[in-house]
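Below you'll find the structure, written out as structure tokens, and then a few comments.
The values are calculated or read from the model by the stated rules, or taken from the named source; none is laboratory data. Because the structure is a prediction, the values reported are computed rather than measured. Cβ coordinates were reconstructed from backbone atoms using ideal geometry, including for glycine residues, and neighbour counts include every protein chain displayed. All accessible areas refer to the heavy atoms of the entire protein, side chains included, with ligands and DNA or RNA removed. Shrake-Rupley method; radii C 1.70, N 1.55, O 1.52, S 1.80 Å.
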Amino acid sequence: MSKYQNVTVTREGHVGVVVMCSAPVNALTFDLLDDLSGAFHELEADQDVWAVVLCSGMRLFAAGADLKNLAVVRRSGNLETARHMQRVFLQIENFPHPVICAVNGVALGGGLELALSCDLRVFTAKTKVGFPEGGLGIIPGAGGTQRLSKLIGLGAAKRLIYTGETVRGEEAYRLGMCEYLADEDACLAKAMGVAATICTKAPLAVAADKKCINYAREHTLMDGLEYEQNLSGDIFETEDKSEGIASFLEKREANFQNK
């Protein structure tokens, strides 16, 4: 599809693939963040993309913000950086379809915050993740404190953030930081397989699932039930709903059209 300066975008079937390729370590500069934003805007506009895999073309997943830049900025400069990162991470988190992240290597600080903004994560035994910010006199300021605590619970999040402890893939999996653990040479393949499986389901229904789940994080149960009920009603007006039930009754594979 497209090649940006720091990101390449391709499509395999209904799966969009975003590869970060900003040598040497995918530092989350404004340029890389802007290219990620452009890539996800492009994929959102493509009605044939029903899931996205985010990965790295480097030996690690992604480093955090540029420390040389952070060393010289004060409050206003830090706020600008954090807001830039948060805006892109929110765009990924709220992307209409599932985003699966293949983390084969190191993802510390902002790199882990980027991974946490995705729907699902695939790690390997050698994946290394954590928030070392406390040792630098700063905090995970692009969503790390919020998303990690919601994902693995307050106690486990406090343990990792307060101490700056880094964990390998198996411990991260045990803590619930990732949903899949793959062999080192099969991380991307596993993520692509998960995405391909998702794409066998009705894309409008999966998109509604994502909206409901994200809504549940910030609202009461009663509000969430009403929201879910309304979206469920909308789904019953789609052609894919009719196709899905017909294919089940006729014992054949469904041919969903995202309609």
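G143 passes every criterion in (1) within 22 Å of A82 (Cα to Cα); (2) out of contact with any helix residue (DSSP H, G or I) (no Cβ under 6 Å at 6 or more places or on another chain) apart from (2). Taking into account only those residues within the range 234-247 that are in contact (Cβ under 8 Å) with a residue 12 or more places away in the chain and among the β-branched types (V, I, T), which is farthest from A205 (Cα to Cα)? Result: T238. For the range 24-38, filtered to residues that are polar (S, T, N, Q) and either free of Cβ contacts under 8 Å to residues at least 60 places away in the same chain or surrounded by fewer than 17 Cβ atoms within 10 Å (Cβ to Cβ) (or both), the residue that is nearest to S117 (Cα to Cα) is S37.
Just to verify a result, which residue in the range 182-223, among those that are within 23 Å of N255 (Cα to Cα) and not in a helix (DSSP H, G or I), is most open to solvent (accessible area, probe 1.4 Å)? So, considering only residues that are within 23 Å of N255 (Cα to Cα) and not in a helix (DSSP H, G or I), the one most open to solvent (accessible area, probe 1.4 Å) is K201. Of all the listed residues (R168, R159), the sole one being at pLDDT 95 or above, touching a strand residue (DSSP E or B) at 6+ places or on another chain (Cβ under 8 Å) and open to solvent by 50 Å² or more (accessible area, probe 1.4 Å) is R168. Looking across the range 218-233, the residues that are within 22 Å of L204 (Cα to Cα) and of a type in the set (A, V, I, L, M) come down to L225, L231. Residues in the range 136-156 that are open to solvent by less than 30 Å² (accessible area, probe 1.4 Å) and part of a loop (DSSP other than H, G, I, E, B): P140, A142, G143, G153. Within the range 189-206, can one find any residue that is among the aliphatic types (A, V, I, L, M), without any contact (Cβ under 8 Å) to a residue 60 or more places away in the chain and touching a strand residue (DSSP E or B) at 6+ places or on another chain (Cβ under 9 Å)? Yes, the range 189-206 contains at least one residue that is among the aliphatic types (A, V, I, L, M), without any contact (Cβ under 8 Å) to a residue 60 or more places away in the chain and touching a strand residue (DSSP E or B) at 6+ places or on another chain (Cβ under 9 Å). Applying the condition of being within 16 Å of A208 (Cβ to Cβ) and not in a helix (DSSP H, G or I) to the range 224-256 and asking which residue is most open to solvent (accessible area, probe 1.4 Å) yields E237.
When the range 121-135 is filtered for residues that are open to solvent by 40 Å² or more (accessible area, probe 1.4 Å) and hydrophobic (A, V, I, L, M, F, W, C), only A125 remains.
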